[in-house]
Amino acid sequence: MSIQRASNFSAECICKKVRLEIIGLNPNFTVCHCSTCQYLHAGPGFGASCNDIKILDGEEHIKKFFTKIDKKRTQRFLAEHGIAQIEEPDIPEYFSVWHFCAECGTKLYYRFEDSVWKNKCDQYVASVGFLHESGLKNLKMETEAYFDKKPYYYSFKEKTTALSEDETHKKYIRMSKVFDADSNNDGD
Ligand SMILES: [Zn+2]
Ligand SMILES: [Zn+2]
């Protein structure tokens, strides 16, 4: 089933030094409860996947943060699920690259590392919070990722598909050749 993606539009950080073009945004977004998001957002991360993001202004103000992959943990996950053994050098160094404005701290977007993510259409993920003045009318909280990692002190009333950590990994991540055989993405 193909998703109606938004027309391209531009969005700015709060200090307006950075302006981005958001290309092919999927309005059905995901809330992520993982530990990295809790640190970065002071709460869960609201992310809408996009085909691409282009920096229109203020590239010099963008700081990047590389989220490192825990190789030992990844190997354990693959072994526990009987998927395959994978050697350390075949595991990528990082999972995604966060881009944020160094002046005002707005979390702009992240991009998944090439060899990690299954679906190329969704490799860029824009923070939903800074899109709220873009005029988009059809944003919808569709999925909650790492639901079993959600802190106890909040919950959302929206009806979502809640994915556990394992289910999140199985749905989205392609680790080298290992997950290719298991590819069942929606093909949007
Ligand atoms: Zn800014
Ligand atoms: Zn997260």
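Let me know the longest stretch in the chain that avoids all GluC sites (Glu not before Pro) found in a DSSP loop with at most 15 other C-beta atoms within 10 Å. Between exposed loop sites, the widest span is 1-86. Here the ratio of the Cα radius of gyration of region 41-180 to 2.2 N^0.38 Å is 1.14. Beyond 23 Å in Cα-Cα separation lie the following of the pairs K137/K170; K120/K159; K16/K157; K17/K120; K64/K120: K137/K170; K120/K159; K16/K157; K17/K120. Taking the chain as a Gaussian network of alpha-carbon nodes connected by springs under 10 Å, the highest mean-square fluctuation of the residues C34, C121, C15 belongs to C15. Taking a Cβ cut-off of under 14 Å around K149, the surrounding Lys, Arg, Asp and Glu residues balance to a net charge of -3, with basic ones at +1 and acidic ones at -1. In this structure, the amide hydrogen of D52, modeled 1.01 Å from its nitrogen in the peptide plane, lies closer than 5 angstrom to those of I23, counting only residues at least 5 positions away or on a different chain.
Between region 84-115 and region 133-172, how far is it from one alpha carbon centroid to the other, in angstrom? One Cα centre to the other: 20 Å. Only aspartates and glutamates eight or more places from K71 in sequence, or on another chain, were considered; those with a Cα closer than 12 Å are E87, E88, D90, E93. Amide H to amide H distances under 5 Å link C34 with G45, where only residues 5 or more positions off or on other chains count and H is placed in the peptide plane.
Under a 5 Å amide H cut-off, with hydrogens placed 1.01 Å from N, Y94 pairs with I69 among residues at least 5 apart or on other chains.
The numbers here are math on the coordinates, done by the rules we state, and not lab data. Just so it is clear, the structure is predicted and the values come from calculations on it, not from any experiment. Cβ: placed from backbone, ideal geometry, glycine included. Neighbour counts: every protein chain shown.
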